[in-house]
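Q: First, the structure itself, so that you have it in front of you.
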Amino acid sequence: MLFLGIDVGTSGIRAVVIDKQHKVIAQAQQALPPGRPWIVNKQTIGFAQQPQQWWSVLTSVIRQLSDELSSQTCFCLKNINSLAIDGTSGTVLLADQSGEPCSEALMYNDQRAVQEAQLISTQAPPNTAAIGPTSGLAKLLWLFQQADDQQKIAYALNQADWLSGRLMENFGHSDPNNALKMGYDACQNDWPLWLKELLKQQSVPADILPQVHLPGEIIDRISPQWADEFGFSSELAVCAGTTDSTAAILATGVVNTGEAVTSLGSTLVMKVIADKPVFNARYGVYSQPYGDLWLIGGGSSSGGAVLKSLFCPGEISDYSERLVDKIEQSKFEFLNLNYYPLLMPGERFPVQDPQLQPVLSPRPADDLDFFQAVLEGMADIEARAYALLLELGAPYPKLVCSIGGGAYNQAWQYIREQKIGVSVQLARQQEAAAGTALLSGRHFINQKDI
């Protein structure tokens, strides 16, 4: 048996095939084009992408994966039993009855829906992830009001929902993790009454909300058209997916209360496992189901994208090595310049403030010191996040597993470890797509083996 996981991240799409023993059999990836910026008063406040570009890249990745399987193994795409897709949390589009997009997709960090967020905050309870301009619900309302023909709109979908729908030619399905920021109540396993009333007031039909399935639950089979096109089995099961950050946590294998995972990608995502959920819209904190437990945390707008905007790859590599040398020679000293590195104004967690300005001064004369100060600033955000989660009722991490490109940076790891005060480890499995592949195998492998 083989299982396919597809990870749709900020900068690219990755696919991983695993077997029943969780061994990676083949993988493929391709970059996505950058999002189109939304600029107001010469200030970037969001990004949008064309869903058809996701589909184009996904088809290329599947064909690349087919070539990899054929050339490197004795398998082919027909040997894959199931697949699931993860996507960026809160990336939303509208589609018609046939699944054709009626809008661009507003990305997870888009903050244009300020008025819609204010409206939501007047009616939503505090235990929802749908508060704030980056929420899926705020984007849904903004897109609906901007639509040329509202009568055509049949579905409000997250990124992973739409791509899974394309493969099945069956739209209108989601999972609790992706649906959270649209207002789904994961504690009651339903779309709440307050949300339906709000949609009614705004003349938005509630039936555009997707049907929610448990992560890993089989939704349907791949459509005959795409089975033939790609070479999949006609019995290939398409399963409910999850968000990219949750998929990454699944891949690490952390399972116990108090274990945490920080994703060091384009943005920072901090989550800790707990036995009960915590919600706090004021700070951008929400909880996602994780088997019988909960993942508590949120996503910051700081992260690797900021680092890449300030330093070229060669500088990042050189400065990191020089900091490691300082650490090994016991010459490293913290600068404590209290930076808050952001690519553009606005933060989601551990501060929920669409107007928060980046702090990258005072700038030291030495570029190495400036680089160190940026790393310290991001480590401070991570430490502040876990301290806030503790204050709100979540456990403080016993250990932190690191995933994403930044996880390999030894200097950053040392700085983070000192700031957080617990062991910071590199996760053995780094690919979120592998976590999604595990998810897709849940109905084919004994649960305890996942």
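Every read-out reported here was derived from the displayed coordinates using simple, explicitly stated rules and does not represent laboratory data. This is a predicted model, so every value here is computed, not measured. A quick note on method: Cβ atoms are made from the backbone with ideal geometry, for glycine too, and the neighbour counts reach across all protein chains shown.
Q: Apply the a/c threshold of 1.5 to the C-alpha gyration tensor of region 330-378 and tell me whether it is rounded, prolate or oblate.
A: Prolate is the answer for region 330-378, as a/c is 1.5 or above and a/b outweighs b/c.
Q: Label the chain by shape, choosing from rounded, prolate and oblate, from the square roots a ≥ b ≥ c of the eigenvalues of the Cα gyration tensor; if a/c is under 1.5 it is rounded, and otherwise prolate applies when a/b is larger than b/c, oblate when it is not.
A: Note, shape of the chain comes out oblate.
Q: Please name whichever of 299, 309, 287 sits farthest to the positive end of the charge dipole of region 254-426, dipole taken about the Cα centre and charges placed at Cβ: Lys and Arg +1, Asp and Glu -1.
A: Comparing the listed Cα positions along the dipole, 287 ranks first.
Q: Quickly estimate the mean residue ellipticity at 222 nm for the chain, helices only: each DSSP H run with n ≥ 4 gives -39500 (n - 2.57), and the total goes over all residues, rounded to 500.
A: -10500 deg cm²/dmol
Q: For region 138-145, in order, what is each residue's ³J(HN,Hα) by Karplus, 6.51 cos²θ - 1.76 cosθ + 1.60 with θ = phi - 60°, in whole Hz (x at glycine and Pro)?
A: Those phi angles translate into 4, 5, 4, 5, 4, 5, 5, 5 Hz.
Q: Going by amide H atoms built from the backbone, whose H comes under 5 Å of the H on residue 80, apart from near neighbours?
A: Under 5 Å from the amide H of residue 80 lie the amide H atoms of 233, each far enough along the sequence or on another chain.
Q: Separation of region 298-322 and region 395-419 by C-alpha centroid, Å?
A: 15 Å
Q: Report the normalised scattering of region 1-80 as log10 I(q)/I(0) at q = 0.11, 0.26 Å⁻¹, calculated by the Debye formula with identical scatterers on the alpha carbons.
A: -0.38, -1.17
Q: List the residues whose amide H sits under 5 Å from the amide H of residue 173, counting only those 5 or more places along or on another chain, with H placed 1.01 Å from N in the peptide plane.
A: 211
Q: Follow-up question, since we're still on this one. Relative contact order of region 373-443: what whole-number percent is it, with Cα pairs under 8 angstrom and at least 6 residues apart?
A: 35 percent
Q: Applying the Karplus parametrisation 6.51 cos²θ - 1.76 cosθ + 1.60 with θ = phi - 60° to the phi angles of region 316-325, what ³J(HN,Hα) value in whole Hz is obtained for each residue in order, glycine and proline being reported as x?
A: 4, 5, 5, 5, 5, 4, 5, 5, 4, 4
Q: Along the charge dipole of the chain, Cβ charges K/R +1 and D/E -1, which of 12, 41, 422 sits furthest on the positive end?
A: So the residue we want is 422.
Q: For an R0 of 30 angstrom, estimate the FRET efficiency from the Cβ-Cβ distance between residue 169 and residue 40 and round to the nearest 0.05.
A: About 0.20, to the nearest 0.05.
Q: Calculate the dipole size of region 254-426 relative to its Cα centre from +1 charges on Lys and Arg beta carbons and -1 charges on Asp and Glu beta carbons; express the result in debye to the nearest 20.
A: So the dipole magnitude of region 254-426 works out to roughly 420 debye.
Q: I've got another one for you. How would you rank 173, 213, going from fewest to most other Cβ atoms within 10 Å of each one's own Cβ?
A: Exposure proxy ranking, most exposed first: 213, 173.
Q: Using θ = phi - 60° and the Karplus curve 6.51 cos²θ - 1.76 cosθ + 1.60, what whole-Hz ³J(HN,Hα) does each residue of region 229-244 get, with Gly and Pro shown as x?
A: Karplus values, whole Hz, x for Gly and Pro: 4, 9, x, 6, 5, 5, 9, 4, 8, 9, 9, 4, x, 6, 8, 4.
Q: A follow-up question, please. When a footprinting reagent is the concern and you count Cβ atoms within 10 Å, what order do 428, 442 take, fewest first?
A: 428, 442
Q: Dipole of region 190-239 (Lys/Arg Cβ +1, Asp/Glu Cβ -1, origin at the Cα centre): which of 208, 194, 233 lies farthest to the positive side?
A: Among 208, 194, 233, the one farthest towards the positive end of the dipole of region 190-239 is 194.
Q: Right, next: If you scale each eigenvalue of the Cα gyration tensor by 5 and take the root, what three semi-axes come out for region 75-228, rounded to whole angstrom and sorted largest first? Could you put the intermediate results ahead of the total?
A: Working: eigenvalues 152, 57, 35 Å².
Its equivalent ellipsoid spans semi-axes of 28, 17, 13 Å.
Q: Just subtract the alpha-carbon distance of residue 21 and residue 152 from 0.36 nm times their residue separation and send over the number in nm, one decimal.
A: 42.6 nm is the gain from fully extending residue 21 to residue 152.
Q: List the residues whose amide H sits under 5 Å from the amide H of residue 111, counting only those 5 or more places along or on another chain, with H placed 1.01 Å from N in the peptide plane.
A: 46, 47
Q: Please rank 161, 318, 149, fewest neighbouring Cβ atoms within 10 Å first, as an exposure proxy.
A: So the ranking, lowest neighbour count to highest, is 149, 318, 161.
Q: Give the total of Lys-Lys pairs in region 254-426 with Cα-Cα distances below 30 Å; include a pair only if its members are 8 or more places apart or on different chains.
A: Lysine pairs satisfying the spacing and distance rule in region 254-426 number 13.
Q: Nothing charged except the Cβ atoms of Lys and Arg (+1) and of Asp and Glu (-1): what's the magnitude of the dipole of region 218-339 about its Cα centre? Round to the nearest 20 debye.
A: 500 debye
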